[in-house]
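S.K.: Sending over a structure as structure tokens; questions will come in a sec.
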Amino acid sequence: MNNSPLSVLPLLADGDFHSGERLGEALGVSRAAVWKHLQKLSDLGLTVESVRGKGYRLAGGLELLDALLIRQGLSEAAVVCVEALDVFEQLASTNVAAADYSLGSSSRGYVCLAEHQLRGRGRRGRQWVSPYGCNIYLSIAWQFEGAAQLEGLSLAVGAVIAQTLKQLGVAEVQLKWPNDILLNGKKLGGVLLEMSGDPSDICKVVVGVGLNVRMPENMHIDQPWVALSQQLPNVSRNHLASKLIDDLLEMLSDFSTKSFRAYRDCWQSFDAYKGCPVRVSSGQRILEGVAEGVSDNGALCLRVDGVIQQVHGGEVSLRPMYAS
Ligand code: BTN
């Protein structure tokens, strides 16, 4: 017997109609319990169609994440870098799960993904809207020796993701400093790095990546957003996850020796605001100038009254001047 509303999803993933009776039999629950499960799915942002005489279906079906498929899609080099890879159906936040995982080695990371996050974390204390079964919520935990090595890491993550997406056919992908991933000027994804441990010794970094793949239209999000399905309607989330993990692990293995300098040109090739007038605010402080790319340590270079000023990360927000 399976009492979780999520248990019905693998049965509906094919997008075909299934009768309530059959679903109940498969799950070992009554038809009334099936109906209750289906009602609860709408809370997850899923729309189940019900047609008399045919049963229930998830229009368009659902490609569920599959840890085995994702592993099989990794390169040999990446497989060696993975200590463990988990796919969770539902949890608070993949970043929290990755932070809780205790890594045994400094050359291998812990990778986890989730179908649904209850308390997805965004930058600057925001919530990351994380409905079930349609996007990528990915975290990788990796160990570094000393936080000084980490300068520019979050930008390198953005650059790698943009490069991966470009290789998959998303030619128009762009980056907004420090690491927002944009498509047609709207937010496609975001990166949240969280660090724990001793900044002067062994510290652990969790690289969190959220990417809108098939975000339902009715989601309430407090900024203009876009989903990858607009450019790649048939993209497989499992394939996408493998590619992202592959490329991120390669970068994480190399970052201590290469530093952000090796990823700077790549980041700048995706810069959405290069040469644009922008306003940068950090708390009460507001700086206006022209965006001139990024420095070797990942700071934003801003030309103010003819002089280049460097703006470092943290709780900084950047807006084009023509926006409110
Ligand atoms: C941003 O605000 O731009 C960063 C969003 C980062 C969201 C991802 S989803 C996977 C990982 N787990 C979280 O709770 N947050 C990150």
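The values are calculated or read from the model by the stated rules, or taken from the named source; none is laboratory data. Note that this is a predicted model, so its numbers are computed, not measured. All Cβ positions, even for glycine, are placed from backbone atoms using ideal geometry, and neighbour counts span all protein chains on display.
S.K.: Name the strands (runs of 3 or more DSSP E) wholly within the stretch 41-95 that hold at least 3 residues that are within 24 Å of Ser242 (Cβ to Cβ), away from the ligand (no atom under 16 Å from the Cβ) and within 23 Å of the chain's Cα centre (by Cα)? Can you show your working first?
M.R.: Details: elements: 48-51, 55-58, 82-91.
Here the list reads 82-91.
S.K.: What is the number of the single condition among (1) outside any loop (DSSP other than H, G, I, E, B); (2) charged (D, E, K, R); (3) over 30 Å from Phe255 (Cα atoms) that Asp16 does not meet?
M.R.: Against the list (1) outside any loop (DSSP other than H, G, I, E, B); (2) charged (D, E, K, R); (3) over 30 Å from Phe255 (Cα atoms), Asp16 comes up short only on (1).
S.K.: Give Leu153, Leu138 a once-over and let me know the one that is crowded, with 24+ Cβ neighbours inside 10 Å and more than 14 Å from the chain's Cα centre (by Cα). Even if it seems obvious, please write down each step before you answer.
M.R.: On the way: Leu138 fails: more than 14 Å from the chain's Cα centre (by Cα).
Exactly one residue qualifies, and that residue is Leu153.
S.K.: Among (1) away from the ligand (no atom under 16 Å from the Cβ); (2) over 23 Å from Gly15 (Cβ atoms); (3) loosely packed, with under 12 Cβ neighbours inside 10 Å, there is one condition Leu118 misses while meeting the rest; what is its number?
M.R.: (1)
S.K.: Would you mind telling me which numbered condition in (1) farther than 24 Å from Met215 by Cβ; (2) crowded, with 16+ Cβ neighbours inside 10 Å; (3) of a type in the set (S, T, N, Q) Asn95 fails?
M.R.: (1)
S.K.: Here is a further query. Please work out if Leu248 is within 16 Å of the ligand (Cβ to nearest atom), touching a Gly at 6+ places or on another chain (Cβ under 6 Å) and closer than 27 Å to Ser93 by Cβ.
M.R.: Spelling it out, it is not the case that Leu248 is within 16 Å of the ligand (Cβ to nearest atom), touching a Gly at 6+ places or on another chain (Cβ under 6 Å) and closer than 27 Å to Ser93 by Cβ.
S.K.: Any residue in the stretch 167-186 that is of a type in the set (Val, Ile, Thr) sitting within a Cβ distance under 6 Å of a residue that is modelled with pLDDT of 95 or more? List the pairs, counting only those 6 or more apart or interchain.
M.R.: Taking only residues 6 or more apart or on different chains, the pairs are Val173/Ala162; Val173/Leu165; Val173/Lys166; Val173/Leu183; Ile181/Ile161; Ile181/Leu188; Ile181/Gly189.
S.K.: Take the conditions more than 12 Å from the ligand (Cβ to nearest atom) and aliphatic (A, V, I, L, M) and apply them to Leu103. Does it pass?
M.R.: Criteria met by Leu103.
S.K.: Going by the structure shown, is Leu168 surrounded by 19 or more Cβ atoms within 10 Å (Cβ to Cβ), of a type in the set (A, V, I, L, M) and modelled with pLDDT of 95 or more?
M.R.: So Leu168 fails the test.
S.K.: Now a separate question. Which condition does Gly298 not pass, out of (1) within 27 Å of the chain's Cα centre (by Cα); (2) part of a loop (DSSP other than H, G, I, E, B); (3) surrounded by fewer than 18 Cβ atoms within 10 Å (Cβ to Cβ), if it passes all the others?
M.R.: It fails just one condition, (3).
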